[in-house]
Structure formats: C-alpha cells, structure tokens
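The values are calculated or read from the model by the stated rules, or taken from the named source; none is laboratory data. Treat the numbers as computed from the prediction; the structure is a model and nothing was measured. Positions of Cβ are backbone-derived with ideal geometry, glycine not excepted, and every protein chain shown enters the neighbour counts. Just the protein is used for accessible areas: all its heavy atoms, side chains included, with ligands, DNA and RNA removed. Shrake-Rupley method; radii C 1.70, N 1.55, O 1.52, S 1.80 Å.
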Amino acid sequence: MTLEGQLPELGTVVRDWRSRRRLSQSRLADLAQVSARHLSFVENGRARPSRELLLRLTDHLGVPVPQRDALLVRAGYAPLSRPAPGPAPAHPVTRAAVVQGIGGWTPAGGPPAHRPGRCAMCDGGVLLGGPASGTRTPGTGADGTGVVEAAVEAGRRALRSAAAPGVDALLLATATPGRSGGAAPRAAARLGLAGVAAFEVSASCAGFLYGLASAAALVTSGTVGRALLIGADVVDGGGARAGGAGAVVLGAGAPGQPGAVGRVVLGGHGGPSDGTGAGAHETDPARPGPEARGELLRRAGLAALRGAGWEAGQVDGVLAHPAVPGLPEGPPVVCAGGHGAAALPSLLAGAVAEGRLGAGDRVLLAGLGEGAVWGAAALCVPARAAEPVTA
C-alpha cells in the first residue's frame, strides 16, 4: 500500500484515540497547537501530519509506545524507539512514570485524612466491611460512603487535575475486606472508564506504594499510556468514622522532571496477620515494635533516595505512615498519619493543595503495613495543583 493509501487508516487511528480520551476535535487541536481544520484533514486522511505534530498528538492522547511507533511508521517516519546495536545497557533510564494529576477526598464529618495523626486502622479501628462491622454492606460506611465511593471522588479530582479524561488502567490500593464484584472495575465504571484494565492492590497501609511501583512499570514499559492509581480505605475507630482516598494520574515522561517517580523500594518480613483489619496488631508478637518499624522505614527511605540520586538534605518533604522514628530529619514538610492505603496519597494531595509542597519539590514517601510490608518512593511534585481534599 502506498503512503497516500495509508493516510485514511492513520487518520482513523488518531480519531479513535481521541474518542477514547473523550476529547473534542477543537480541544485536541488546542493542546497540539494546530488548527482544528488541519486536524480534521488529518483524521479524514486528506493531510499527512508532520512528525512533530504526530508526536504532539500521541503525547496528549497518551498513546503507548508500541502504538505510537506504529503510527510513526504508518505516516512514513522512523519510530522514536529504536534499539541500540549491541548489548543493552544494564540499567537504561530513558523514560519515567510522571505524576500528571493528583487528587484527594475526605468524607464530610470525618477527621481530615490529609492531616498528620494516628491511623484508625493501625490503632485498632475496624475496616468497614470486615467481619466486625455488623450488618453493614461490605466496604460501606455508616452513612453509605464506602471504598468505591471514596475512590471515585479522589479519582475524579485527580483526572481533573491532570486534564486527562481517559486512562488505560485503574489500580485501587485498599485494605478494606468483604468486597464483592471487584471494587476497582466498579470504580472505573463510575468514572466513565468502563472497559479499561482495573484491578486491586492489597498491601495494607503500604498498598499505595505497591500500587505506585505497579502503575509506574505499566507506564514505563509502554503497556499503557496513562494509569490512574487510587488509595482508598474507610475505617471505624471506636464509632468515629475516618479515612478517605487519594489518587494520582501517571503518564510517561523524562526522569527528573516535575512529577517524575524515582526509585520505589518494597519489602516485607512475612509476619502473621488475622486478615480482618480488626486491629489488635500491637499485641502481635511478630509485629515489629516502634523502633524496629522506624528502622525498616529508614532503610527503605534511604535506599529510595540513593536510587534517585538524592541526598537526605536535598529532600523538601517526608510523608510517612505510620508515625515512627528513624526517617530523615530536617525537611520543612514532615507528615505522619492518615488511614490505611489512603494515608500516603491523601497526605500528598493535602500538602500540594495547601501549598506546603510545590512543583519540582523532592518528596520521600514511606509506609509500613500490618504483617509487615513496607515501601518507600522518591517523587518530584507535579506542576499541576491539586484540588482541596475535603468533601
């Protein structure tokens, strides 16, 4: 087939991706800095886009690497990703997962999930929907606000912050038990993302970090163009409901740019857990004490900083969960607390929304869950501001 003969197919693919992202022709034209008339000609196969225009279009549409390169070839250009001759370098770093949007949500009447404090889950709170939560609907709070609802609220705010109406995958980190039918696919459907890959990550209070590692790998490998990662938990701590949700939108970018995810370090010691989320973890003889937890997080945090090429003194903020000693000292923003898998993303969304962290600031996230599992991540704050996180 001649190049001219492939233009209609090229235009159809561009139009399909635009429809998938729910962007109007005029909106995509504005983002790509081209006239709506020219974009219409491209989509109708009447004009061949320049290589630069095609790259701008695929970037704003969040087209994964393999499909982007296929479009370049179809338009008659060399693919952007071309393997170098000879053996590949041991650790090639050409792409990074970049936070493009951030959002958080706290249910009305509950304690702010984005403020430092004690975790209702770690302190013996009951994860709503667990065996100790009576006759309540699985994953649902006393007022009907559950994990799916919290995830949808935070996810919607993150999508608005990123100006990204569509993503290719949704990951939901949560420790709330008793769900049926899959909370992640239901949250995706409520967000208008029906049909995208949607699954849950379970690593207790460290779940957001495990989800961050998974979502970043999906993006940097080119498996997806954008991913929405949500951490959500709703807990009942002695009659006082707490929790909420936080979310980030991840896309592809360059290492070191605002929003770039650096090194993520994960670990666990395999201690026993009753799996109900019903508390009493402090009496578990296999559960590390406060000093041991601090040491676990300190080691993970320093490893994440080394992997990102940062020194402890170059960090602008530390967001940790739970509140334990041993983390790097001195940053102007130091938060500890929150609830369950929502803790870290809620703390991050709150700090950004309130201006305590700004674009390009270097942040260390560190979390430890029951069992114990732990993780830490180095992250640059994205350029886009977060919305207020309270309901």
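Selection of the stretch 267-311 for residues being open to solvent by less than 40 Å² (accessible area, probe 1.4 Å) and modelled with pLDDT of 80 or more yields GLY267, ALA300, GLY301, ALA303, ALA304, LEU305, ALA308, TRP310. Of the candidates LEU212, LEU218, LEU172, LEU228, the single residue that is in contact (Cβ under 8 Å) with a residue 24 or more places away in the chain and open to solvent by 10 Å² or more (accessible area, probe 1.4 Å) is LEU218.
Go through ALA213, ALA189 for me and flag whichever is closer than 24 Å to LEU319 by Cβ and either not polar (S, T, N, Q) or not in a strand (DSSP E or B) (or both).
Sole residue among the options that is closer than 24 Å to LEU319 by Cβ and either not polar (S, T, N, Q) or not in a strand (DSSP E or B) (or both): ALA213.
List, please: which pairs have Cβ atoms under 6 Å, are six or more places apart or on different chains, and start with a residue in the stretch 298-311 that is in a helix (DSSP H, G or I) and end with one that is of a type in the set (Val, Ile, Thr)? Taking only residues 6 or more apart or on different chains, the pairs are ALA300/VAL265; ALA303/VAL265; ALA304/VAL265. Contact map, the stretch 20-49: residues that are surrounded by 15 or more Cβ atoms within 10 Å (Cβ to Cβ) paired with residues that are of a type in the set (Phe, Trp, Tyr), Cβ distance under 8 Å, separation 6+ or inter-chain. Pairs shown: ALA47/PHE41.
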